[in-house]
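Remarks on the structure that follows.
No lab work stands behind these numbers, since they all come straight from the coordinates. Computed from a predicted model, the values in this text were never measured in an experiment. Using ideal geometry, Cβ is built from the backbone for each residue, glycine included, and neighbour counts are taken over all protein chains shown.
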Amino acid sequence: MDKNKEKKVALLYDGSGAYPSGVVAWEQVLQARGYDVVKASGQRFTDRLAVKPDLVTIPGGHSAKYNEDLGREGVTAISSYVQGGGTLLGVCGGAYFLSEDISFKMLERDGSV
């Protein structure tokens, strides 16, 4: 990597509901790919979105807890970040949290829905 270039910054959610092992794993993956990783939650996470990180990652965990931690202001800030061209990665519960609608269908034993 060119030492004259600034490192890319990844904002990694590590608040309520995020699986600690997932946060650690994603931090390692992002660092291995040359990112400076900033872990944050709640209002600090929301505030960091305004400085336009190169990547925002929301790892696996309990998506309802993410909503409680970030609130309407956080959700709005994420939406603005993406609409402004930001790159967002949601994994497992993080992807559910970022979805507009989620529905599950139960399979019967014979494989039918």
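Below are the figures for this structure:
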read-out	value
Distant-in-sequence amide H partners of V9 (H built 1.01 Å from N, under 5 Å)	D36, D54, L55
Segment L89-Q43, extension gain: residue separation times 0.36 nm, minus the distance between their alpha carbons	14.6 nm
Amide H within-cut-off set for L89, under 5 Å, with H built and near neighbours excluded	V56, T57, I58
Residues of the stretch 42-78 with amide N under 13 Å of a point placed 7 Å along Cα→Cβ from V29	56-61
Förster radius 22 Å - calculated FRET efficiency between K8 and V75 (Cβ-Cβ, nearest 0.05)	0.35
